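Peer 1: Below is one structure. I have some questions about it.
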Amino acid sequence: MTAFNPHGKSLNHGILSVLVQNRPGVLARVSGLFARRGYNIFSLAVAPTEDPMLSRITIVVDVESAPLEQVVKQLFKLVDVVKISELDPRRSVERELLMATVRVPAEDRGQVVELTNIFEGKILAVGVEAITVSLDGSPDKLDDFEELLRGYGIVELQRTGRVALPKLDKEARLKAVKHGKAS
Amino acid sequence: MTQKITGAQALIRALELENVDTIFGLPGGCILPAYDPLLDSPIRHILVRHEQGAGHMAEGYAHVTGRPGVAMVTSGPAATNMVTPLCDAYMDSIPMICITGQVPTTAIGTDAFQECDTVGITRSVTKHNELIMSADDVPLMVRQAFHIATTGRPGPVLLDLPKDVLQNSMTWHWPSDEEVLDSLPGYKPVSKGHPRMIKEAARMILDAKQPILYAGGGILKARAADALRELAELIDTPVVTTLMARGAFPDDHPLCLGMPGMHGNATAITAMQKSDLLITLGARFDDRITGKVATFAPDAKIIHVDIDPAEQGKVRRPDVPIVGDCRLVIEEIIKAIKDLLNGGEKQQDISAWKSRVSGWREQFPLYYPTNEPGEALKPQYCLEQLRDGAPEGTILCSGVGQHQMWSSQYWKFNEPYTWVNSGGLGTMGFSVPAAIGAKVGRPDRTVWAVDGDGCFQMTAQELVTASVERIPIKVAILNNSYLGMVRQWQEMFYEERYSEVYLSPELPDFVKWAESMGCIGIRVESPEEVQPAIEKANSIDDRPVVVDFRVDAGEKVFPMVPAGVSNDEVLVHPSQEQYRAQLG
């Protein structure tokens, strides 16, 4: 992995939303292709879609390691890959989930709770000397939250990697509204 | 009424329905069930001595017939022995089906005897692979495999069959074309080029002052040799044929410049370098062609026709990318050019360019010093004699190294599908098994395998297969007792410090070895013996022949563009060095 923070704001990344056939070995094919061609993956999230035959893999790619165009073309050669959408970070909505356990004495716990509330996160578990919190939101927001938590001493931290969908353009949003009215 | 058969019976029946006439293979534990119904099948099985041989035979067969070659072996070590041929076929886009046995589904993951993760190991060296988990899936998987291997950019497909899947009974159903296509929603190769791009290409071709047709292996895969010739003659433009495209355009055609690249001829290399338009057809700007990419054909615009979209812009950004089947696209380009010409447009006068190219050809022919009496035999001389003595339509196979480059340089390929070699992967030992596969595919043709003594020792045991199966190939070993190409690099780039390249001048005795494998063995040590030996070899048609040519170890392949160096700095034969400036 490169030295810079993979979640950082300066990240030169591309987001690929890859629709694949929901079959054994598909993830290995995709990740194997990245390894073999020397492309870097920053994060990767897989889950079934509304169609049980298909899964969606959201891959955040380091576009320094290879031009996104070449990554997409190589990916599309995989027989199990049905569709690839390049999500422009400026024109997509991104979400990620963060969970963290912070070591904090009972007297300071209030500060972490307050911080979590400010970020609209959740308290998942409270112990004598530690607290586990979660936050979902845009990766940037998670970065800020993580940075602030760090001051208290993070014991364990897990982020899911981002998932993304294209932003609806204005026209599509209007259409959605119209449909809503019509029905 | 539905009919119950075993997965193994379904496999063999499916192969028959895919018109397979030959399987190259070797049985073992997990694939055993498939070998039983094979006894009752009209499919010919050729029993190899090593699984790698089966793979290269399947490749050789596919090279010369255009139909997918089929190899069948067992699990574990047999599957790992197939990795090299699969990778070779993948690099050279050879349609091939590989069937491997696997431990029973219940044993998968337990480190059972002869278990290995075949689909995992072969994932990056196949176009596609599948582990079949149910006997019912066998026919569809076989149909998918043939469809994927032979359409789009061809390549190897592997099917891994657990023993119980072969043994279980299933209800036979042969899927329709629609079912096959519906089962592959992510596989839609493009074959027709974009009409606007084709028009743009036509215009660019007419406007070019120094065009070159850069023909690659895709021409052969697309059966586009006739279309290429029509295009070349229509625009009267010289053609270079890459190592993978030798024979795609006749060497005796006045427009043919032959092979470019690291050991291409100086004219082909320089013509590409100086051109203002490279009409790239089914070629991929391989590093062996471009030399240093940053200085490759610096003034050339690029038209790039390739069926694989990932080749567009991978190495060199094209000005006009056209994704499609080479034959269809070339035919469309011809039409578009004719439309422009009929509409009153004119092609640029390229006669000055053509005469410049002709000048290079005259000044820089392929050259080697001829044998003086008593001197060591020149390998190039052996190849010239082989070429001149070869019956019409002879197929030439080669291994990898100096002998491969000399073969490509000195042979005259006037017909497509008469040249079989390992281009992308550079697999030593390819020649003998590939020649066997080629002879099985084209029994009507004479098949010569040109091999080095290093290569020959990697796969020679398949000559036993050839003798037993009565596949009368001919092998010419250019025996210089060295790993010749490596020796050449050590001489030129490592100050003649020869490290681990000297094999042995006496061992093995290739003639005795050949005889022990049921072949006729002939040794040739002097120039006078060359022609009679070749005549004798060509006259034998009931068993394989091996001719051991003892050649000059000091001979090097020229021209040469050293690795990573610009094509502008091609090293011509030292005797031509004085004219170098004329390549400017």
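Peer 1: Say we look at segment B:393-421 and pick out the residues that are small (Gly, Ala, Ser) and part of a loop (DSSP other than H, G, I, E, B); which of these is farthest from the chain's Cα centre (by Cα)?
Peer 2: Going through segment B:393-421, the residues small (Gly, Ala, Ser) turn out to be B:393, B:398-399, B:401, B:407-408.
Still in the list and also part of a loop (DSSP other than H, G, I, E, B): B:393, B:399, B:401.
Numbers: B:Gly393: 17, B:Gly399: 10, B:Gly401: 14 Å.
Per the criteria, the residue is B:Gly393.
Peer 1: Next up: Consider segment B:31-51. How many of its residues are assigned to a loop (DSSP other than H, G, I, E, B) and open to solvent by 70 Å² or more (accessible area, probe 1.4 Å)?
Peer 2: Of the residues in that region, 4 qualify.
Peer 1: Moving on. Restrict the check to segment B:287-302 and report whether at least one residue is of a type in the set (Ser, Thr, Tyr), within 15 Å of B:Ile212 (Cα to Cα) and touching a Leu at 6+ places or on another chain (Cβ under 9 Å).
Peer 2: No: zero hits.
Peer 1: Working only within segment A:139-155, note down all residues that are of a type in the set (A, V, I, L, M) and open to solvent by 60 Å² or more (accessible area, probe 1.4 Å). Steps first, answer last, please.
Peer 2: Applying the first criterion (of a type in the set (A, V, I, L, M)) to segment A:139-155 yields A:142, A:148-149, A:154-155.
Hits for segment A:139-155 are A:Leu148, A:Val155.
Peer 1: Right, another one. Filter segment A:78-106 for residues that are within 14 Å of another protein chain (Cβ to nearest Cβ) and aliphatic (A, V, I, L, M) and give the result.
Peer 2: Correct list: A:Leu78, A:Val79, A:Val81, A:Val82, A:Ile84.
Peer 1: Also, I was wondering about something else. Which condition from (1) touching a Leu at 6+ places or on another chain (Cβ under 8 Å); (2) within 18 Å of B:Glu415 (Cβ to Cβ) is the one that B:Pro254 breaks?
Peer 2: Condition not satisfied by B:Pro254: (1).
This table checks each residue for (1) surrounded by fewer than 14 Cβ atoms within 10 Å (Cβ to Cβ); (2) in a loop (DSSP other than H, G, I, E, B); (3) in contact with a Phe, Trp or Tyr (Cβ under 6 Å, 6 or more places away or on another chain).
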residue: B:Arg523; (1), (2), (3): no, no, no
residue: B:Ala533; (1), (2), (3): no, no, no
residue: B:Lys536; (1), (2), (3): yes, no, no
residue: B:Asp542; (1), (2), (3): yes, yes, no
residue: B:Val546; (1), (2), (3): no, no, no
residue: B:Arg550; (1), (2), (3): no, no, no
residue: B:Ala553; (1), (2), (3): no, yes, yes
residue: B:Phe558; (1), (2), (3): no, yes, no
residue: B:Gly564; (1), (2), (3): yes, yes, no
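Peer 1: Still on this structure: Of everything in segment A:108-132, what is modelled with pLDDT under 95 and in a loop (DSSP other than H, G, I, E, B)? Give them in sequence order.
Peer 2: Answer for segment A:108-132, where residues must be modelled with pLDDT under 95 and in a loop (DSSP other than H, G, I, E, B): A:Gly127, A:Val128, A:Glu129.
Peer 1: I've got another one for you. Among the residues of segment A:45-57, is there at least one that is crowded, with 20+ Cβ neighbours inside 10 Å, away from chain B (no Cβ under 12 Å), touching a residue at least 12 places away in the same chain (Cβ under 8 Å) and not small (Gly, Ala, Ser)?
Peer 2: Yes: one or more hits.
Peer 1: Let me ask something else. Among the candidates B:Ala266, B:Ala222, single out the residue that is outside the structural domain of B:Ala62 (by TED's automatic domain parsing), within 30 Å of B:Tyr61 (Cβ to Cβ) and open to solvent by less than 20 Å² (accessible area, probe 1.4 Å).
Peer 2: None of the others qualify; the one that does is B:Ala222.
Peer 1: Right, B:Val475: hydrophobic (A, V, I, L, M, F, W, C), modelled with pLDDT of 95 or more and either open to solvent by 10 Å² or more (accessible area, probe 1.4 Å) or within 16 Å of the chain's Cα centre (by Cα) (or both) or not?
Peer 2: no
Peer 1: Considering only segment B:275-320, how many residues are within 14 Å of another protein chain (Cβ to nearest Cβ) and without any contact (Cβ under 8 Å) to a residue 24 or more places away in the chain? Please lay out each step first, then the result.
Peer 2: So the first thing to find is which residues in segment B:275-320 are within 14 Å of another protein chain (Cβ to nearest Cβ), and the list is B:284-285, B:304, B:306-318.
Retained after the next criterion (residues that are without any contact (Cβ under 8 Å) to a residue 24 or more places away in the chain): B:310, B:312-313, B:317.
Within segment B:275-320, residues that are within 14 Å of another protein chain (Cβ to nearest Cβ) and without any contact (Cβ under 8 Å) to a residue 24 or more places away in the chain number 4.
Peer 1: Just the residues that are touching a residue at least 12 places away in the same chain (Cβ under 8 Å) and outside any strand (DSSP E or B), please, taken from segment A:89-107. Even if it seems obvious, please write down each step before you answer.
Peer 2: We begin by selecting, within segment A:89-107, every residue touching a residue at least 12 places away in the same chain (Cβ under 8 Å); these are A:89, A:91-106.
Of everything in segment A:89-107, those that are touching a residue at least 12 places away in the same chain (Cβ under 8 Å) and outside any strand (DSSP E or B) turn out to be A:Pro89, A:Arg91, A:Val104, A:Pro105, A:Ala106.
Peer 1: Would you point out which residue out of B:Asp319, B:Asp349 is farther than 14 Å from B:Thr237 by Cβ and open to solvent by 70 Å² or more (accessible area, probe 1.4 Å)?
Peer 2: Numbers: B:Asp349 fails: farther than 14 Å from B:Thr237 by Cβ.
Matching residue, one of B:Asp319, B:Asp349: B:Asp319.
Peer 1: Of the residues B:Glu500, B:Glu528, which is more than 30 Å from B:Arg288 (Cα to Cα) and not β-branched (Val, Ile, Thr)?
Peer 2: Details: B:Glu500 fails: more than 30 Å from B:Arg288 (Cα to Cα).
Checking each option against the conditions leaves just B:Glu528.
Peer 1: Restricting attention to segment A:58-67, and to residues there that are open to solvent by less than 30 Å² (accessible area, probe 1.4 Å) and either assigned to a helix (DSSP H, G or I) or hydrophobic (A, V, I, L, M, F, W, C) (or both), which single residue is nearest to the other protein chains (Cβ to nearest Cβ)?
Peer 2: Filtering segment A:58-67 for residues that are open to solvent by less than 30 Å² (accessible area, probe 1.4 Å) and either assigned to a helix (DSSP H, G or I) or hydrophobic (A, V, I, L, M, F, W, C) (or both), the one nearest to the other protein chains (Cβ to nearest Cβ) comes out as A:Ala66.
Peer 1: For B:Trp513, all conditions in the list (1) modelled with pLDDT of 95 or more; (2) part of a loop (DSSP other than H, G, I, E, B) hold save one; what is the number of the exception?
Peer 2: (2)
Peer 1: Looking at B:Tyr498, B:Tyr417, which one is closer than 30 Å to B:Ile97 by Cβ, surrounded by fewer than 24 Cβ atoms within 10 Å (Cβ to Cβ) and either among the aromatic types (Phe, Trp, Tyr) or at pLDDT below 95 (or both)?
Peer 2: Just a single option satisfies the conditions, and that option is B:Tyr417.
Peer 1: OK, next. Here are some conditions: (1) open to solvent by less than 10 Å² (accessible area, probe 1.4 Å); (2) more than 25 Å from B:His573 (Cα to Cα). B:Pro309 meets all but one. Which one does it not meet?
Peer 2: Answer for B:Pro309: the failing condition is (1).
Peer 1: Conditions: (1) open to solvent by 10 Å² or more (accessible area, probe 1.4 Å); (2) more than 23 Å from B:Pro33 (Cα to Cα). B:Thr80 meets all but one. Number of the miss?
Peer 2: Just one mismatch for B:Thr80, condition (2).
Peer 1: Which residue is modelled with the lowest pLDDT, if the candidates are limited to segment B:566-584 and must be open to solvent by less than 40 Å² (accessible area, probe 1.4 Å) and part of a helix (DSSP H, G or I)?
Peer 2: Only one residue fits best here, namely B:Leu583.
Peer 1: Output the residues belonging to segment B:323-346 that are open to solvent by less than 70 Å² (accessible area, probe 1.4 Å) and either closer than 21 Å to B:Gln210 by Cα or within 14 Å of chain A (Cβ to nearest Cβ) (or both).
Peer 2: B:Val323, B:Ile330, B:Ile333, B:Ile334, B:Ala336, B:Ile337, B:Leu340, B:Leu341, listed by residue number.
Peer 1: Also, I was wondering about something else. Looking only at segment B:385-404, which residues are buried (at least 19 other Cβ atoms within 10 Å of the Cβ) and not hydroxyl-bearing (Ser, Thr, Tyr)?
Peer 2: Passing the criteria: B:Gln385, B:Leu386, B:Ala390, B:Ile395, B:Leu396, B:Cys397, B:Gly399, B:Val400, B:Gly401, B:Gln402, B:His403, B:Gln404.
Peer 1: Check A:Glu146 against each of (1) touching a residue at least 60 places away in the same chain (Cβ under 8 Å); (2) touching a strand residue (DSSP E or B) at 6+ places or on another chain (Cβ under 6 Å) and name the one condition it does not meet.
Peer 2: (2)
Peer 1: Within segment B:166-205, count every residue that is over 30 Å from A:Arg56 (Cβ atoms) and open to solvent by less than 30 Å² (accessible area, probe 1.4 Å).
Peer 2: Total meeting the criteria: 7.
Peer 1: What number of residues in segment B:127-146 are facing another protein chain (nearest Cβ under 10 Å) and touching a Phe, Trp or Tyr at 6+ places or on another chain (Cβ under 9 Å)?
Peer 2: Of the residues in that region, 3 qualify.
The values are calculated or read from the model by the stated rules, or taken from the named source; none is laboratory data. Note that the structure is predicted; figures quoted are calculated from it, not measured. A quick note on method: Cβ atoms are made from the backbone with ideal geometry, for glycine too, and the neighbour counts reach across all protein chains shown. SASA here: full protein model, heavy atoms, side chains in, ligands and nucleic acids out. Shrake-Rupley method; radii C 1.70, N 1.55, O 1.52, S 1.80 Å.
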